[in-house]
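Peer 1: This is the structure, below, for whatever I ask next.
Since every read-out is calculated from the coordinates, none of them should be taken as a lab result. Model, not experiment: these values are computed from the prediction. With ideal geometry, Cβ positions are generated from the backbone for all residues, glycine too; neighbour counts draw on all protein chains shown.
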Amino acid sequence: MHHFHYQNNELYCEGVPVKKIAAKVGTPFYLYSSATLNHHYRVFDGAFEGFPHIVCFAVKANANLAILRLLANQGAGADIVSGGELHRALAAGVDPGKIVYSGVGKRPDEIRTALKAGILLFNVESSMELGEINRIAGRMGRKARVGLRINPDIDPKTHPYISTGLKKNKFGIDIERAYQDYLRAMELQHLEVIGVACHIGSQITEVDPFLDALERVKELIGRLEQAGIPIRYLDLGGGLGICYDQEEPPHPHEYGEKIVDRLRGLKVTLILEPGRVLVGNAGILVTRVLYTKGSEAKHFIIVDAGMNDLARPSLYGSYHGIRSVVKRPGPRVKASLVGPICESGDFLAKDREMAAFAPGELVAVMSAGAYGFSMSSNYNARPRVAEILVQDQEFYVIRKRETYRQLTWGENIPEILK
Ligand code: LLP
């Protein structure tokens, strides 16, 4: 469900014609719908109603301050994986008591800052990290609340780059090993052991892998309780998929209901770390056609957004719907929608049927709200694009387009070269 729709053949985001925004801010830009974000949050959160839970939005999916604030206003916490994400979450006004810190490589300075901020929980990913957090907390005269992120060895049946819960992945701690680490963590004075976490992957379109992972986590919680280690937080990570094309992921209600069903009797607060399912279909990338070229066999539509703006198609071969911002009658063609970057891998859609876009026309790249802007870069010295948020009849620039001056900010030509 989203609020991008056609009215008289023109694409609107809520009450605003996309064309009007393009005329005002130029292209390319990311465009988000508040109504969609609010709706997605409410549906997801509502799916766990009746069971104590915290929804910690995975900041990596979309780290814009306004998006974080919008979700925080709804009650969301944050799942962070770096000091930078912590900074963003705090700057957006996320309650530190609802921040969980995951990630395999937390630096000492990042751990310190998170401890200072008073975050809810560190999801620890190795034995060494346990020791490091204990040491830092000790020095600061604090206790760090921790849980171990276990690797449940579950196949989430998704793209290998975004599957994280298999033994061969770098994430988490093997369950057997984790049990030993819990015993050790209990001995460490500056740790308060309160949680168990897992995250098996992303864009998962079935509920079963989540339930399988949950079973393993529950087993571990049972063993820990027997050993006198009470677990108060069960973090099931994120990963629920969305529809980009033909996928039929479970509705959050089904996902929530089945999970809650398996949790009955367990005295824990459930933590969820959704990213994509909240923001993915709440955002699009709007770009303008520069040129077209090619023969009968190969038709290229060259637009002003590239793989530096939206990396997903190049990186994972991901599908994003391609729509006209202003529909007009005319033939459809088989074409590739490509960007200006000097790489053959620079495409937004490859060999697909689409409108025969002409130069100057606006194109909407759909479902780009998650891992779109947040994975964008300055490759080919391209300023990162603007981000716009619509609410009802109004639109707001929530990130200005970068300038050329910003591109070279911080760079320095040393005297010896002058
Ligand atoms: N929690 C942890 C520990 C994670 O590593 C992730 C995503 C999430 C939560 C949120 O997962 P989500 O609900 O968004 O599936 N760049 C890739 C996705 C990478 C996901 C990495 N971890 C893409 O564009 O498909």
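Peer 1: Projected onto the charge dipole of the chain (+1 at Lys/Arg Cβ, -1 at Asp/Glu Cβ, origin at the Cα centre), which of Ser202, Gln180, Leu310 gives the Cα projection farthest towards the positive end?
Peer 2: Of the candidates, Leu310 comes out farthest on the positive side.
Peer 1: Helix 127-139 versus the longest principal axis of the chain: what is the Cα-based angle in degrees, 0 to 90, to the nearest 10?
Peer 2: 80 degrees
Peer 1: For the stretch 34-277, just say rounded, prolate or oblate: build the C-alpha gyration tensor, square-root its eigenvalues into a ≥ b ≥ c, call rounded for a/c under 1.5, and beyond that prolate if a/b exceeds b/c, oblate if not.
Peer 2: oblate
Peer 1: If the limit is 31 Å between Cα atoms, which of Lys168/Lys298; Lys170/Lys400; Lys98/Lys258 go over it?
Peer 2: As for pairs spanning more than 31 Å Cα to Cα, those are Lys168/Lys298; Lys170/Lys400.
Peer 1: Normalised by the number of residues in the chain, what is the relative contact order in percent for Cα pairs under 8 Å and 6+ residues apart?
Peer 2: Over the chain, the number comes to 19 percent.
Peer 1: Let me ask something else about it. Which one, Ala92, Pro152, Ser33, projects farthest toward the positive side of the charge dipole computed for the chain from Cβ point charges (K/R +1, D/E -1)?
Peer 2: Positive-most Cα among the choices belongs to Ala92.
Peer 1: Hey, another quick one. Could you list Tyr179, Tyr316 in order of exposure, starting from the residue whose Cβ has the fewest other Cβ atoms within 10 Å?
Peer 2: Tyr316, Tyr179
Peer 1: Among Asp79, Asp245, Asp304, which one shows the biggest mean-square fluctuation in a GNM of the chain, springs joining Cα atoms closer than 10 Å?
Peer 2: Among Asp79, Asp245, Asp304, the largest mean-square fluctuation in the Gaussian network model of the chain belongs to Asp245.
Peer 1: Shifting gears a bit: Among Phe44, Phe122, rank each residue by its count of other Cβ atoms within 10 Å, from fewest to most, as a rough exposure measure.
Peer 2: Listing Phe44, Phe122 from fewest to most nearby Cβ atoms yields Phe44, Phe122.
Peer 1: With viscosity set to 0.890 mPa s and temperature to 25 °C, compute the Stokes-Einstein D of the chain, Rh being the Kirkwood radius across alpha carbon pairs; µm²/s, no decimals.
Peer 2: 108 µm²/s
Peer 1: Taking the Cβ of each residue in Leu214, Leu71 as the centre, tally the other Cβ atoms inside 10 Å and list the residues starting with the fewest.
Peer 2: Ordered by Cβ neighbours within 10 Å, fewest first: Leu214, Leu71.
Peer 1: If you average the C-alpha positions of the stretch 262-327 and of the stretch 77-112 separately, how far apart do those two centres end up, in angstrom?
Peer 2: Using only Cα atoms to place each centre, the spacing works out to 25 Å.
Peer 1: Another one. Residue by residue through the stretch 368-379, what is 3J(HN,Hα) from phi via Karplus (6.51 cos²θ - 1.76 cosθ + 1.60, θ = phi - 60°)? Round to whole Hz and write x for glycine and proline.
Peer 2: 10, x, 10, 6, x, 4, 5, 9, 7, 9, 9, 3
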